[in-house]
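Below you'll find the structure, written out as structure tokens, and then a few comments.
Since every read-out is calculated from the coordinates, none of them should be taken as a lab result. Source: prediction; values computed, not measured. Neighbour counts are summed over all protein chains in view; Cβ atoms, including those assigned to glycine, are modelled from backbone coordinates with ideal geometry.
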């Protein structure tokens, strides 16, 4: 019989009573309506232990909201978030459905009080035809304009990279320009900026199997270089790397795979060369992930801790980027909760955005001081 699992033993009696009371009051972070996509509905029995349930996420959660309640598009997906001097900016692709010709890039800004209404900032218009847009990525360099990378093309195997910039924190945008041949930009997850100013992007291609590579620019996107693929795309299929900047030239990428696990690779020379990708212990149901290194040196990973479907949506924590402990379940009801983006802002808070049932984009703010890797339990565990 399903019930609210007890809080971890490290909680005080007052904290435990608070968590249970919040669960009873229905203040969970999960959605409750049926899944818009049947393929995302995984039975509880198919899920691996995922960390403390959504009922136990409350101590770490500062706030939870939708970026918008209503929008002119029927479907949305693949959000991205960045912090600018004027506040937060989020973007995603939206339209009739993923891959439809009317799919464009929409954006909203948050000034500290509320999100602005979504506005269209990019389309796939090419002469007399229009092609779908895909996977926007926002990035704010230390010095320079806000950057919006995205893809345009009929499919992921035939798309190309595009870039727009904003000098006013996302209020207005430059004309779009196509990235050089062979360069796609960050394919889903945010880049990192290295100590010398280099912007390092995790990228991948899908035209000859799923293959990961890395791209870099030292001049804010004017010129580019890239590595060779890190995997062959045949025996091992990887895409959409998220980057952890571990400091002193040490980097790690975590990748979506077709092999049922999240894969990782490491670099000790600021991303010039990389180790052979290896499987982690974390499951991956062929769904996007994202990760960030915190100011305190720990790393957080947002992912679906399951081998089937795209629920639950979880956060794991690591002290070294190697050993991961499930820490929070953001969503655990039936539905699709996927394609997360995660950043840490200047005030130390952690912000996560993700797809909520392909209908909305959800924004959750976390206090990293309250994120602990506790005993792995999940909703419904006896």
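Tell me the volume per residue, in Å³, of the convex hull enclosing the alpha carbons of the range 253-382.
121
If neighbour count is taken as other Cβ atoms inside 10 Å, put 315, 371 in order from fewest to most.
371, 315
In square nanometres, what is one fourth of the surface area of the convex hull spanned by the alpha carbons of the range 248-308?
Mean orientational projected area (the range 248-308, Cα hull): 4.4 nm².
Taking the mean number of other Cβ atoms within 10 Å as a proxy for protection, how do you rank 217-226, 357-366 from highest to lowest?
Top to bottom by mean Cβ count within 10 Å: 357-366, 217-226.
Debye sum, Cα scatterers, the range 197-308, no solvent: what log₁₀ I/I(0) at q = 0.13, 0.22, 0.24 1/Å?
Ignoring solvent entirely, the Cα scatterers give -0.47, -1.26, -1.41.
Given axes a ≥ b ≥ c from the Cα gyration tensor, I'd like to know whether the range 94-207 is rounded (a/c under 1.5), prolate (a/b larger than b/c) or oblate.
oblate
Could you tell me the relative contact order of the range 13-370? Use alpha-carbon pairs under 8 Å, at least six residues apart, and round to a whole percent.
It rounds to 18 percent for the range 13-370.
Can you bin every Cα-Cα distance in the range 102-165 into 10 Å intervals starting at zero and give me the percent of pairs per bin, rounded to whole numbers?
Values per bin, smallest distances first: 20, 45, 27, 8, 0.
Per residue and in cubic angstrom, what volume does the convex hull of the Cα atoms of the range 148-224 have?
Cα-based convex hull of the range 148-224, divided per residue, equals 100 Å³.
Fewest Cβ neighbours within 10 Å first, please rank 73, 93 accordingly.
The order, fewest Cβ neighbours first, is 73, 93.
Largest first and in whole Å, give the semi-axes of the range 13-370's equivalent ellipsoid, each being the square root of 5 times a Cα gyration tensor eigenvalue.
Working from the Cα gyration tensor, I get semi-axes of 29, 24, 21 Å.
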